[in-house]
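Written out below as structure tokens is the structure these notes cover.
No lab work stands behind these numbers, since they all come straight from the coordinates. The shown structure was predicted, so the numbers you read here are calculated from the model rather than taken from an experiment. Here the Cβ is made from the backbone with ideal geometry for all residues, glycine too, and neighbour counts use every protein chain on show.
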Amino acid sequence: MKINPSNLFGINPYKKQSEKTEQVSKKNPQDQIHISSEAKKLQGNEPSPERLEKLEKLKQQINSGTYEINGKEIAKSIVDFYKK
């Protein structure tokens, strides 16, 4: 008995896969981002004048080399943070 591969010539699995990929890419919408009004308010807030003054003072200390780090205070604040 002889078996002829009659329907195998019209099958191309790679073409079918590429067609499926094209269909999926057409269906997927683009990513979108939504920022809440509260987040917009937080982004728009400028630091207080006291905060700006403190930052400027720190910048000057760092640039002049007089800024000193107190390791005990940092460790204490870390411990206090995790005790809450």
Note: SER18 to LYS84 extended length (0.36 nm per residue) minus current alpha-carbon separation gives 18.2 nm
If the label point sits 7 Å along Cα→Cβ of ASN63, residues of the range 35-53 with amide N under 15 Å come out as 53
Phi angles of the range 62-67, converted by Karplus (6.51 cos²θ - 1.76 cosθ + 1.60, θ = phi - 60°) into ³J(HN,Hα) in whole Hz with x for Gly and Pro, give 5, 5, 7, x, 9, 6
